[in-house]
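A quick write-up on the structure given underneath.
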Amino acid sequence: MIGTLLGALTTRLLQRWMSSRAERVVRTQRLQEAASSLADALTDYRGQLYWETRLAAQSEAVAEQKEEALRESWAARSRVNYAINRLRLATQNERILQLATDARNATFGVQTGACAPHDARERQFAFLAAVAGASQI
């Protein structure tokens, strides 16, 4: 009888541990996907800013080209905000959220010249490093 009780207890503990582990894996995957989405959106937005700036500097660029580049830039900026929203749903880790916000703000600062593209990339890399560190299972 004691053996049966110990066996049932051991089985229950193992099931609970495996369930908890599976939940951590799912949370980690959700965080990594959201972080990757944000990093991709930040990179895309900086690329759009580059082309927008390059077209603006060319006197022979057609107004339609400049307007299209501006529209694409704003769409890319919106994708950054969408990705931040997904990240906020994926984690409550304040450090990761702050680093993500810093990376977003730095990237947005590239448009106004308040931040250099290199510095914005470095903030993005710091954000990704924090996610990688938090994702260790």
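Laid out as a table, the results:
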{"read-out": "The listed residue being assigned to a helix (DSSP H, G or I) and over 11 Å from the mean Cα position of the chain (by Cα), out of T53, T43", "value": "T53"}
{"read-out": "Segment 89-117, residues that are at negative phi and of a type in the set (G, A, S)", "value": "A90, A100, A103, A106, G109, A114, A116"}
{"read-out": "Residues that are farther than 17 Å from N85 by Cβ and touching a residue at least 12 places away in the same chain (Cβ under 8 Å), drawn from segment 97-121", "value": "A106, V110, Q111, P117, D119, A120, R121"}
{"read-out": "Condition check for A69: surrounded by 12 or more Cβ atoms within 10 Å (Cβ to Cβ), part of a helix (DSSP H, G or I) and without any contact (Cβ under 8 Å) to a residue 40 or more places away in the chain", "value": "yes"}
{"read-out": "A22 being out of contact with any strand residue (DSSP E or B) (no Cβ under 6 Å at 6 or more places or on another chain), among the small types (G, A, S) and more than 25 Å from R121 (Cβ to Cβ)", "value": "yes"}
{"read-out": "Segment 1-58: number of residues that are hydroxyl-bearing (S, T, Y) and closer than 20 Å to R88 by Cα", "value": "5"}
{"read-out": "Cβ pairs under 7 Å, 6+ apart, first in segment 1-29 and at pLDDT 75 or above, second of a type in the set (V, I, T) and not in a helix (DSSP H, G or I)", "value": "R24/I137; V25/I137; T28/I137"}
{"read-out": "Of residues in segment 99-137 being part of a helix (DSSP H, G or I) and out of contact with any helix residue (DSSP H, G or I) (no Cβ under 9 Å at 6 or more places or on another chain), the one surrounded by the most Cβ atoms within 10 Å (Cβ to Cβ)", "value": "G133"}
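The values are calculated or read from the model by the stated rules, or taken from the named source; none is laboratory data. Just so it is clear, the structure is predicted and the values come from calculations on it, not from any experiment. Every residue, glycine as well, gets a Cβ built from its backbone with ideal geometry; the counts of neighbours run over all protein chains shown.
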